[in-house]
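What follows is one structure encoded as structure tokens, with my remarks underneath.
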Amino acid sequence: MMNNNNNNTNNNNKNNSTTTYPCRIVIQNIQGLNDVTKQQQLLDTMKIDHIDIMGLSETKLSQQRSKHIYTKNQHYDAYFNNDGDQHSTGVGIIVSKQYSKYIHRAIGYKGRVLYIDLFMKGRIKLRIVQVYLHANFNNNNKKEILDLHAYIENLILKSYKDNYRVIIMGDFNVDPKCYEQSLRTNGSFHWKFNIINKLYAQNMFDTVDLCQDITPQTPFDTYIPNQQNQTSSRIDQIWISEDLVTDTITSSNYVSDLYSSDHRAVYISFFTDNIFSRKGVATIPISKICTLILSQI
């Protein structure tokens, strides 16, 4: 079940404008959101760093508890999806009211996928999908994992058919680098990488790879384990459809000073004019053209 925690209180902060700052989206594996202090730290982080939309993985919230988070907040609306097992799943999206006014609907799936549809002027439609995929891969949960992969793929296909611009983001629990290494070495890949293969097949772009030079020396890993016998990896990602590439300013990793997690966040910044104010959509060759021309988080 998906819970939408919002109210009709208008944000009267006259300084809020969709054109004052770039539209900034951050994803974070939050390692649980039951703590009230942590809940407030997230909102403080969004305010301080001008984050407009924050996607959350591993909220560990029960269905009942998620109904009451941020319900009376004047500046943000929150959407959650839980499958009843608060110990291992849960996804959420927090949206500032200057952007939540565009939300037409929010739909969740099995506590692992949550998407919001935003309808803007000029017939611009944006679909933002937050995911939290399984961390363990075995024959017992293979069917469930592949079902999620198929659900996400079908969601992308339907989005394209309905003329949505698409963002798929969250904790995928697989590293694109390992998928590519397997293809180069073996000419095939483990079924757990099926989701990465589908994203590439649907012409989605990995934004950190698009905007940064990923090397062994600068891997941009997002999962930094506390155990020395485990290796770090880049399992948290933001993927965008091709029609969002020219609106992208930059994308990289991000660490908050206010809350703790063993995952680094990932952010992307967009120009707002072409998405939230109707203008012609430019069509230029796609390449790694992201330049740090505005302040990063």
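Where a number appears in this text, it was derived from the coordinates with a stated rule and is not lab data. Please read all numbers here as calculations on a predicted model, not as lab measurements.
Counting only C-alpha contacts under 8 Å and six or more residues apart, can you give the relative contact order of the stretch 235-280 as a whole percent?
40
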Taking θ = phi - 60°, what integer Hz values does the Karplus form 6.51 cos²θ - 1.76 cosθ + 1.60 yield along the stretch 97-110, in sequence order, with x for Gly and Pro? 5, 5, 10, 5, 5, 8, 6, 9, 7, 9, 9, x, 8, 6
Using the Karplus equation 6.51 cos²θ - 1.76 cosθ + 1.60 (θ = phi - 60°), what ³J(HN,Hα) coupling, rounded to whole Hz, does each residue of the stretch 226-235 give in order, writing x for Gly and Pro? 7, 7, 5, 7, 10, 9, 6, 7, 9, 9
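Compute and list, largest first, the equivalent-ellipsoid semi-axes of the stretch 78-224 from the alpha carbon gyration tensor, each √(5λ) rounded to a whole angstrom.
Equivalent ellipsoid of the stretch 78-224: 27, 20, 16 Å, largest first.
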